Amino acid sequence: FLDLVEPQGVMGSVLYLDVPNDLTRDMLEQRLRLPVTEALVENAVDIAQFKIVVNLELEHEEPLPDVIDDPAADPVVPPVATYERDPGEKNQRRVDSRLNPKYTFDNFVIGGSNRFAHAAALAVAETPAKAYNPLFIYGDSGLGKTHLLHAIGHYAEGMYPGIRVRYVSSEEFTNDFINSIANNLNQSFQQRYREVDVLLIDDIQFLRGKESTQEAFFHTFNTLHDHNKQVVITSDVAPKHLQGFEDRMVSRFEWGLITDVTAPDLETRIAILRKKAEAERIQIPPEVLSVIADKVQSNIRELEGTLIRVTAFASLNRLPVTMELAQTVLKDLFSFDEEAPVSPSDIISHTANYFKLTVDDLHGSSRSQTIALARQIAMYLCREMTSMSLPKIGQLFGNRDHTTVMYANKKIEKLMQERRSVYTQVTELTARIRQRAGA
Ligand code: ADP
Ligand code: MG
């Protein structure tokens with residue numbers, strides 16, 4: 001399928017690849033995002049990320065109909081809305097929805113802590129702008145809000161060919177807005193966010209106190225809502241507890257449905273671990289899943305991270321995952337006060353120290369192997385030990401893109417299973433950081 005991919009050029013630090021259809025895009029996303037990013041990084045190419053754009057012109061002489069015109073063809077769930085485009089629009093580039101293929105409804109485990117949020121998300125995905133608009137999902141970090149947002153996007157895309165979905169974190173929205181002012185690109189900014197059918201905006205609490213960005217979002221929201229387009233918003237607190245927001249914004253958030261996600265109960269935690277183990281094809285006895293689920297109670301990201309540590313340790317030592325082995329790893333991981341808050345500057349200074357580097361090395365742009373690995377480990381630990389979002393971590397490390405952070409996470413997860421040195425480094429560093437934080 002690589003024959004179908006055409007590089008379109010580089011804009012800023014982004015490489016654009018054109019593909020003829022969604023299938024090719026999804027294949028690229030799933031199979032090639034990591035290796036390509038890795039190749040770019042390793043060849044010191046100054047490209048921070050690449051974007052895949054579906055360009056219908058590439059494959060079809062005739063414009064494809066974007067509209068499902070035969071509802072009878074799918075008697076089970078007839079589409080309730082069609083997403084018609086002006087004829088001229090059909091050949092235009094499709095919006096890059098920026099969805100992470102890992103986060104779907106299929107691999108979202110439902111339990112008491114998220115049942116309502118899941119049902120609301122599914123309803124919105126099935127009938128955008130018809131069920132609840134906006135849908136507002138709130139809850140603490142690591143409880144599945146971002147996962148649900150992406151799942152809505154995937155589902156709607158599968159259900160309504162031609163639908164324009166866009167996921168954006170509030171940090172990216174802010175940066176995009178600031179850039180658009182600086183570069184006089186207000187029109188393309190507006191297009192990007194107003195000419196969509198479903199806007200998924202993550203971590204809205206980040207707009208706190210940012211008056212002009214809030215203003216821009218207010219107009220975006222109104223335009224979308226007036227045109228019967230779906231908006232889904234997530235936040236760490238309920239609308240009425242959002243601080244530094246104008247009343248008119250908060251009241252709009254309350255127009256639709258507000259729902260929360262809470263910490264999962266033991267059974268749900270075990271089910272999540274089981275699903276993750278299945279997805280990663282990890283053989284692991286049920287009692288080990290229980291002991292991990294028992295240890296990590298209030299953050300699903302950390303729950304998954306702990307499972308990875310246990311299986312990494314086993315695979316490095318070529319040992320089966322037994323209860324004993326799990327206990328050893330858990331003891332290393334949790335010998336300090338887990339509740340003590342860890343700050344990103346703790347992580348960065350300890351990592352620099354550990355690798356005999358300077359803090360500036362980690363913030364900087366050197367691609368020397370040692371520095372790059374140390375930087376990726378620090379990013380991984382920030383993701384694991386703090387509640388910072390991917391874009392925020394990226395910012396911290398010399399304004400890197402969130403996809404770079406995502407890539408670092410994947411890479412360290414993988415290296416921990418393959419290289420003893422990396423496993424040991426990550427484990428020792430975690431202990432040092434925890435020790436310091438607890439002191
Ligand atoms: P939040 O956005 O609320 O901070 P995320 O959506 O990033 O949380 O979730 C953190 C991790 O936990 C992700 O890897 C996600 O896939 C996983 N996760 C969260 N909830 C569930 C669930 N109900 N089922 C399966 N995985 C989940
Ligand atoms: Mg999130």
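Key figures for this structure:
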{"item": "Per residue accessible area in Å² of region 258-333, where ligands, DNA and RNA are left out and the probe is 1.4 Å", "result": "50"}
{"item": "Cα gyration tensor shape for region 133-245, rounded if a/c is under 1.5, else prolate or oblate", "result": "oblate"}
{"item": "Overall form of region 219-297 per C-alpha gyration tensor (a/c, 1.5; a/b vs b/c)", "result": "prolate"}
{"item": "Burial ranking of peptide ranges 238-248, 379-389 (average Cβ count within 10 Å, highest at the top)", "result": "379-389, 238-248"}
{"item": "Volume in Å³ per residue [convex hull over Cα atoms, computed for region 125-194]", "result": "104"}
{"item": "Spin-label zone in region 159-178 - amide nitrogen under 20 Å from a point set 7 Å from the Cα of GLN187 along the C-beta vector", "result": "176-178"}
{"item": "Isotropically averaged projected area of region 297-439, using the convex hull of Cα atoms (one quarter of hull area), nm²", "result": "8.0"}
{"item": "Full-extension gain in nm, GLU215 to ILE178, via 0.36 nm per residue minus C-alpha separation", "result": "12.1 nm"}
{"item": "Cross-link partners of LYS411 among lysines (Cα-Cα below 24 Å; sequence separation of 8 or more within a chain)", "result": "LYS51, LYS102, LYS145, LYS275, LYS276, LYS356, LYS392"}
{"item": "Student exercise, region 320-436 dipole from Lys, Arg, Asp, Glu Cβ charges, in Debye to nearest 20", "result": "400"}
{"item": "Distance between region 390-421 and region 339-377 - C-alpha centres, whole angstrom", "result": "12"}
{"item": "Residue-normalised accessible area of region 369-439, given per residue in Å² at a 1.4 Å probe", "result": "40"}
{"item": "Burial order of peptide ranges 316-325, 393-402, 205-214 (average beta-carbon count within 10 Å, highest first)", "result": "393-402, 205-214, 316-325"}
{"item": "Region 261-378: C-alpha gyration tensor shape, a/c 1.5 cut-off, then a/b vs b/c", "result": "prolate"}
{"item": "Rg/Rh (Cα only; Kirkwood hydrodynamic radius) as it applies to region 348-417", "result": "0.92"}
{"item": "J(HN,Hα) series, region 125-135, from Karplus relation 6.51 cos²θ - 1.76 cosθ + 1.60, nearest Hz, glycine and proline x", "result": "5, 6, 9, x, 6, 10, 7, 9, 8, x, 9"}
{"item": "Whole-percent carbon and sulfur share, accessible surface of region 125-266, 1.4 Å", "result": "45"}
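The values are calculated or read from the model by the stated rules, or taken from the named source; none is laboratory data. Note that the structure is a prediction, hence the values are computed from the model and not measured. Note that we place each Cβ from the backbone using ideal geometry, even for glycine, and neighbour counts take in every protein chain shown. For the accessible areas, the whole protein counts, side chains as well, though only heavy atoms, and no ligand, DNA or RNA atoms are used. Shrake-Rupley method; radii C 1.70, N 1.55, O 1.52, S 1.80 Å.
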